[in-house]
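To keep things clear, I will list the structure first and then write my remarks on it.
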């Protein structure tokens, strides 16, 4: 017996989604003994759902320009738990589930708003297998994990965020499922790409039921060599996360529908696509088109599709923009810049990194998502480093070209015990040590994260809020083109760049060294649609001594204190419009 999915499908698809009715699989069968049942009413089949816009419902409009946003990335299980705390296992163990939930997160949205961030990025919320507190092992793609809450609570979270002026981006896992089947030969080893392997007789335990077929999985075994292109593009994620066959037109159609269903049900403003380097490239193109067109039909004219491609190759990451994504994670720049920002390399590395990225990304450079840490990387601030180094790192990420993303707790000075500066190291992994509990009752904490993580009186919080406010007030720091004007070639020190915009340009000066440095610029042009001239003022800290010279007044000379940050603009009282400018 067959049935056709109700409502309208993704806008880019003209083929009906035809459903072969089969017995509903039990997601807990392969995924572990502690997988809870989905909430009552969660759809077991796409056929039971519709993408038709609910009559009379108004959806939240998109931002005009995502480059103006500041992302705040959250691991929901670690952010805020609701009493009584529903944890699994030892709450002091970083690999167990600690009880953070959607209700708790909703109660803390005011904190994110007070910080000044504008977009909350949620970790995945779909029902996951046993132990997958992080959300990256889905077994039911159309149900909220009941350990996080219910669909109604996710809707309430989004609605509350919108009332506070915040956007919500949902991390959507469409590259793979959790451990939803076993291989017939009993082995997870890489099997090659010539022929898909057989699935064990107990079948595939995934929902919705339309996905519970071997044809929707690559079935090539688990990746053991990340440098092998075939494994990278066809293999299961370790330990046993089964890759979805995103090269299969049928699979693509189902996944597009699922993505659109989350938009319709929750009113989210964007999606983060996890691990797109492992997806079929044409699938990314079809998915981006489908969700953007569908969101537009709901009144969301600029829905964001954000790709996470963890390569160091800027050219490869930049090529993803051809698939229609709105923004891409900027891993290449992160890896090249890390040592310099920690004072273990010359500031000139920052300039070289920028030049490489600018050449690769071209006009898309401003739509890359910038970060100094995230849930897959070491916390920026290491044990033993002065807090002032974080001050420079935060200014760097918030004032540089691109869309800044803050990782929860970094604005509070959370630290990583590791002293390593290589960005990721399998012998000393970043997680779970970079996923501390934010809430006061949390048990998985360090000296830097213990206590009330939401204390707004901390120096790091106040500094971050100040930087964000300066960025919000000046268009140059959100939209301006970037030009590096100086970088110390011999070691830690000055990195200075101009953000140019028609409404006024800004000179950003950072000192990565632990001692004062001198900046001498023989010429500096900050002119746009105003006449050059007029004194420079430090809009970040007007109390600092003004530099000597500047636009229209000869060379610029200034002393920058250890770990100093200055943002210099021409005093607006002295600016005059150019003849004919508006």
Conditions (1) free of Cβ contacts under 8 Å to residues at least 40 places away in the same chain; (2) outside any helix (DSSP H, G or I); (3) out of contact with any strand residue (DSSP E or B) (no Cβ under 7 Å at 6 or more places or on another chain); (4) within 30 Å of residue 143 (Cα to Cα) -> residue 215 fails only (2)
- Is at least one residue of the range 559-568 crowded, with 19+ Cβ neighbours inside 10 Å, modelled with pLDDT of 95 or more and assigned to a loop (DSSP other than H, G, I, E, B)? yes
| Is there a residue being in the same structural domain as residue 235 (by TED's automatic domain parsing), farther than 28 Å from residue 113 by Cβ and modelled with pLDDT of 95 or more anywhere in the range 142-160? | no
Selection from the range 488-520 of residues modelled with pLDDT under 90 and buried (at least 17 other Cβ atoms within 10 Å of the Cβ) yields 504
Among the residues of the range 142-159, is there at least one that is touching a helix residue (DSSP H, G or I) at 6+ places or on another chain (Cβ under 8 Å) and on the phi > 0 side of the Ramachandran plot? yes
All-but-one check, residue 450 against (1) surrounded by fewer than 17 Cβ atoms within 10 Å (Cβ to Cβ); (2) assigned to a loop (DSSP other than H, G, I, E, B); (3) within 21 Å of the chain's Cα centre (by Cα), failing number (3)
By residue number, the members of the range 147-158 that are within 26 Å of residue 243 (Cβ to Cβ) and surrounded by fewer than 24 Cβ atoms within 10 Å (Cβ to Cβ) are 147
Kindly evaluate residue 360 against the criterion of being in contact with a helix residue (DSSP H, G or I) (Cβ under 7 Å, 6 or more places away or on another chain) and farther than 17 Å from residue 117 by Cα. yes
Tell me whether the range 475-482 contains one or more residues that are closer than 24 Å to residue 383 by Cα, surrounded by 19 or more Cβ atoms within 10 Å (Cβ to Cβ) and in contact with a helix residue (DSSP H, G or I) (Cβ under 9 Å, 6 or more places away or on another chain). no
Considering residues that are at negative phi and assigned to a loop (DSSP other than H, G, I, E, B), the number found within the range 339-372 is 7
The condition of being touching a residue at least 12 places away in the same chain (Cβ under 8 Å) and within 16 Å of residue 146 (Cα to Cα) holds, among 104, 94, 110, only for 104
Exactly one of 114, 93, 101, 145 is within 22 Å of the chain's Cα centre (by Cα) and under 19 Å from residue 436 (Cβ atoms), and that one is 101
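The values are calculated or read from the model by the stated rules, or taken from the named source; none is laboratory data. This is a predicted model, so every value here is computed, not measured. Cβ sites come from the backbone with ideal geometry, for glycine too, and all protein chains shown count toward neighbours.
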